[in-house]
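Presented below is the structure to which this report refers.
The values are calculated or read from the model by the stated rules, or taken from the named source; none is laboratory data. Remember, predicted model here, so these are calculated numbers, not experimental data. Note: ideal-geometry Cβ built from the backbone for every residue, glycine included; neighbour counts use all protein chains shown. Heavy atoms of the whole protein, side chains included, go into the accessibility calculation; ligands, DNA and RNA do not. Shrake-Rupley method; radii C 1.70, N 1.55, O 1.52, S 1.80 Å.
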Amino acid sequence: DPSSSSLTQNSVVPELPGFYYDSEKNRYFRLLPGHNNYNPLTKESIQYKAMECKRLRLLEEEEKQKKKTTRAGLNSSTLLQKRQLGLLSSTSYCRLVHELKVNCMQRRKIEIHSPDSSVAGTNNFKIIVADVACERIFTVNDVEHGGCKYGIINLSGLGKESLTVEMYDNLYFTNRKVLEKSLFSLTHFSKLCLMGIAETPGCASLLPASLFSSTNPGDRPGMLCSFKISTAWSCAWCLNPQADNCFSTGLTRRVLVTNVVTGHRQTFGTSSDVLAQQFATQTPMLYNGCRSGEIFSIDVRQRSRKGQSWKAIRLFHDSAVTSIRLLEAEHYVMAADMAGKIKLWDLRTAKCVKQYKGHHNEYAILPLHVNEEEGLLTAVGQDCYTRIWSLQDAHLLRTIPSPHPSSKDAIPSVVFSSRLGGSRGVPGLLMAVKQDLYHFSYN
């Protein structure tokens with residue numbers, strides 16, 4: 001009966017133990033126990049099949065260019081007219097233009113060229129992070145025999161029609177599992193990687209960019225600077241001149257601040273594991289996100305103390321905090337947790353002022369990417385979807401499906417900038433997933 005079918009689809013279908021409801025056939029089917037080949041019908045397999053159908057449908061829609069603007073009445077001609085009439089400031093106009101362009105980004109695969117042809121495109125990307133100028137990208141790749149290798153991708157050729165970039169690998173440091181890393185380019189060094197071997201004491205290693213150069217290969221191993229640090233979850237480098245040459249590592253129930261020149265260390269005891277860290281640039285303050293959901297700041301000029309009295313600012317999430325990002329004025333901090341919530345906190349009032357909905361996370365440590373100049377927030381969820389929000393009003397602008405089937409080991413790593421490749425670079429999004437690198441360019 002068509003009327004009963006439509007009624008079932010519009011109403012909430014009750015969940016029956018041991019059965020699942022097929023919306024296409026409009027009936028219940030019995031779930032068979034087990035995960036073997038004889039009883040393949042499980043709740044997990046049904047959910048995966050539904051997710052894969054949704055991903056393929058979204059990919060097909062993107063290829064057909066069925067993108068619509070996320071705001072009614074927002075188009076290029078309207079924006080230009082409002083700008084000419086003085087109804088929009090330069091900042092608002094530029095951010096709305098970026099919003100329009102983000103909705104029209106097209107995916108193209110990038111060919112990676114390496115001076116050593118044997119290492120190009122043979123290993124899965126694990127993490128990619130751009131330097132401050134977005135001229136180069138630091139990469140971490142899984143290797144077949146276990147551990148990781150590290151490389152630098154030069155984006156100078158990204159604007160060319162061939163979409164070819166060069167990747168320089170360093171094969172001296174393998175068999176190490178990378179837990180977290182923080183990049184910086186305003187100091188003597190250009191990379192800070194935190195590495196640790198499974199079930200053994202880890203180390204924080206400073207990797208100068210010259211390690212990846214093809215010149216003077218014999219001198220490269222001696223330029224590595226390592227510090228033995230165990231049970232580390234996160235790290236951050238300090239760019240404030242009052243505490244320069246220092247980096248911090250978030251450990252199990254404590255924070256360790258190390259001076260790389262003198263070797264001096266400060267320890268701050270905490271009540272939970274520190275999963276995310278970032279230094280402020282205008283003040284010598286270190287912000288930390290914990291497994292307990294607490295976010296607190298430390299003035300690194302003070303001596304190590306016990307208890308909670310040295311915590312300057314304290315904020316709280318309901319779940320483990322996986323990423324924190326300070327905005328440029330450093331009056332606000334963005335934080336994401338393992339419940340999939342992304343919140344913008346006002347540090348002056350210690351209150352949440354915005355929430356960015358749609359992010360998916362259950363147990364993974366996933367980063368946030370804030371681009372204030374473009375007015376955008378980007379995050380990749382555990383469901384392998386890349387989502388882009390407007391920083392201004394937390395409006396979800398676009399959801400990008402992964403080119404590969406969703407899985408735990410295929411969560412994309414992304415970099416967004418309006419100047420990929422430097423000051424004269426091209427705008428867009430870079431996505432690394434499995435062995436492939438994609439460029440989502442402005443149309």
Task: Whichever residue in segment 327-343 is acidic (Asp, Glu) and more than 13 Å from the chain's Cα centre (by Cα) and, among such residues, is most open to solvent (accessible area, probe 1.4 Å) - done: Glu328
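Per-residue answers, yes or no, for (1) over 28 Å from Ala312 (Cα atoms); (2) not in a strand (DSSP E or B):
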residue: Leu344; (1), (2): no, no
residue: Arg348; (1), (2): no, yes
residue: Cys352; (1), (2): no, no
residue: Gly358; (1), (2): yes, yes
residue: Thr378; (1), (2): yes, no
residue: Ile388; (1), (2): yes, no
residue: His404; (1), (2): yes, yes
residue: Asp409; (1), (2): yes, yes
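Would you point out which residue out of Glu362, Glu374 is assigned by the TED database to the domain that holds His317, open to solvent by 30 Å² or more (accessible area, probe 1.4 Å), touching a residue at least 12 places away in the same chain (Cβ under 8 Å) and charged (D, E, K, R)?
Going through Glu362, Glu374 in turn, just one is assigned by the TED database to the domain that holds His317, open to solvent by 30 Å² or more (accessible area, probe 1.4 Å), touching a residue at least 12 places away in the same chain (Cβ under 8 Å) and charged (D, E, K, R): Glu362.
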TODO: Could you tell me which numbered condition Lys228 fails, if it satisfies all but one of (1) of a type in the set (Lys, Arg); (2) farther than 29 Å from Asp337 by Cβ; (3) surrounded by 15 or more Cβ atoms within 10 Å (Cβ to Cβ)?
DONE: (3)
Task: strands (runs of 3 or more DSSP E) completely within segment 271-341 that count 1 or more residues being within 19 Å of Val380 (Cα to Cα) and either at pLDDT below 90 or hydroxyl-bearing (Ser, Thr, Tyr) (or both) - done: 321-326
